[in-house]
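The values are calculated or read from the model by the stated rules, or taken from the named source; none is laboratory data. The structure presented is a predicted model; accordingly, all values stated were derived computationally and were not measured. Cβ placement follows ideal geometry from the backbone for every residue including glycine, while neighbour counts extend to all protein chains displayed. Surface areas here come from the heavy atoms of the whole protein model, side chains and all, with no ligands, DNA or RNA. Shrake-Rupley method; radii C 1.70, N 1.55, O 1.52, S 1.80 Å.
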2 protein chains.
Amino acid sequence: MGTRDRIIDAAEQAISEYGVAGATTKRIARQAGCSEALLYKHFASKEELLLAVVLERMPALGPALDELRAGIGRGDLHAALVAFALAALRFYTRTQAIAGGMLADPALIAGFRAMLAENRTGPHVPVQALAGILRAEQRAGRIDVALDADAAASMLLGACFHRANLSRFVDLPGPGDKEWAGAIVATLLR
Amino acid sequence: MGTRDRIIDAAEQAISEYGVAGATTKRIARQAGCSEALLYKHFASKEELLLAVVLERMPALGPALDELRAGIGRGDLHAALVAFALAALRFYTRTQAIAGGMLADPALIAGFRAMLAENRTGPHVPVQALAGILRAEQRAGRIDVALDADAAASMLLGACFHRANLSRFVDLPGPGDKEWAGAIVATLLR
């Protein structure tokens, strides 16, 4: 395993143990068995390292979106969207502590925001991608054309993001994830 | 202003300057002009102090829910739900840095979770309250009884929570908040 991978692994480990604020580059470097100077040769900033942890170590939404895209116009649309919602729940559950730590640190979120703007990307991109897929399903005649695809995508991913967050604060009453996701999708497609 | 209020003010100020992790009780006590021992006489833990900041200094969802409740069965339902969504957006925008800081700190979230369980409350309560209001509107004949009120409440508040979060990471493309909320509500009520 190369130094870069060792640093990312150490960062992920440090974040889960000490939180984003406690996962200092000093601690991460020591855990990775390298100097802080070497860490900064691989990552220009803590923001960049955190982004690498999210993009390279967490189950991404990309494959789940690809699967939806591959099934446009065929197969069981309700089941495909439920599977997508469950993938989104897993992704948001896994990434929210890092995202929360960024939000909670004024300097970190400012740096991260600038980095995302420079790369013309961000956590809103999957919402746009999902809306595009819903529009393709409308063209394929499987979703009512009267449905506002952007609003539906905001609500589907928003509900998953919120539920992932809520479940860290409380034991959620009511149905389990799968039944919950089924009700969300059925409500959108009705 | 009493000591308790001075401490809460100092905590809010420290959080916005240094983030949740950087807002130590030592720093907060100094800013409030009291000793750390006195701070701990008013608040048993940092979790308790953070909860007081959220409950006593941030625009709560309670009044927005009360307003919806007062209008059950009369007035412009679409406009009332749009106003509610905008209030939820403001509330989540204001509270998310604190919530994020809790999530990002393993010890803090564990303590906070235990405290919420003991008090039988949590951030899921407004979702349940909104679902109850939607059901009352169904009984009043203003919302299709086929709508799943729990799913609709999850999606409306989830979309607002997610948007409040996304807007901290990126300048959101697309419509402004009011137009966005109008599309969300119209999609739910269709």
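Observations, loosely collected:
- Among the trypsin sites (Lys or Arg not before Pro) within the range A:1-108, those in coil by DSSP and having at most 13 neighbouring Cβ atoms inside 10 Å are A:Arg74.
- For peptide B:101-111, the mean count of partner chain Cβ atoms within 10 Å of a residue's Cβ comes to 6.
- Qualifying aspartates and glutamates (Cα of each under 17 Å from Cα of A:Lys178; at least 8 residues distant if same chain): A:Asp76, B:Asp148, B:Asp150
- Helical contribution to [θ] at 222 nm, DSSP H n ≥ 4, -39,500 (n - 2.57), averaged over chain A, rounded to 500: -25000 deg cm²/dmol
- Across all directions, the average flat footprint of the convex hull enclosing the Cα atoms of chain A is 12.2 nm².
- Remark on the range B:157-174: accessible area falls by at least 30 square angstrom from chain-alone to full-complex state for B:Gly158, B:Phe161, B:His162, B:Asn165, B:Leu166, B:Arg168, B:Phe169, B:Val170, B:Pro173, probe 1.4 angstrom.
- Take each residue of peptide B:142-154, count the partner chain Cβ atoms within 10 Å of its Cβ, and average: the result is 4.
- The Rg/Rh ratio for the protein assembly as shown is 0.99, where Rg is the radius of gyration of the alpha carbons and Rh is the Kirkwood radius.
- Accessible surface of chain B [probe 1.4 Å, protein heavy atoms]: carbon and sulfur percent: 53
- Inter-copy label distances at B:Ala114, shortest first and taken from points set 7 Å along Cα to Cβ: 4.0 nm.
- Ranked by the mean number of other Cβ atoms within 10 Å of their residues, highest first, the peptides B:121-128, A:98-105, B:82-89 come out as A:98-105, B:82-89, B:121-128.
- Degrees separating the helix B:177-189 axis from the principal Cα axis of chain B, which is the longest one: 50
- Ascending list, in nanometres, of distances separating the A:Val170 label from those of the other copies (7 Å, Cα toward Cβ): 3.1
- Where A meets B: accessible area buried, both sides, 1.4 Å probe, Å²: 4300
- Average accessible surface area per residue within the range A:72-190, 1.4 Å rolling probe, Å²: 41
- The range B:131-190-the range B:50-129 distance, computed between alpha-carbon centres (Å): 15
- Here the Karplus relation 6.51 cos²θ - 1.76 cosθ + 1.60, evaluated at θ = phi - 60°, turns the backbone of the range B:127-143 into coupling constants of 5, 5, 5, 5, 4, x, 5, 4, 5, 5, 5, 5, 5, 7, x, 9, 10 Hz, with x for every Gly and Pro.
- Between identical copies, the spacing of B:Thr24 label points, each set 7 Å from Cα toward the C-beta atom, reads 1.1 nm from nearest to farthest.
- Rounded if a/c under 1.5, otherwise prolate or oblate - the range A:1-57, Cα gyration tensor axes: rounded
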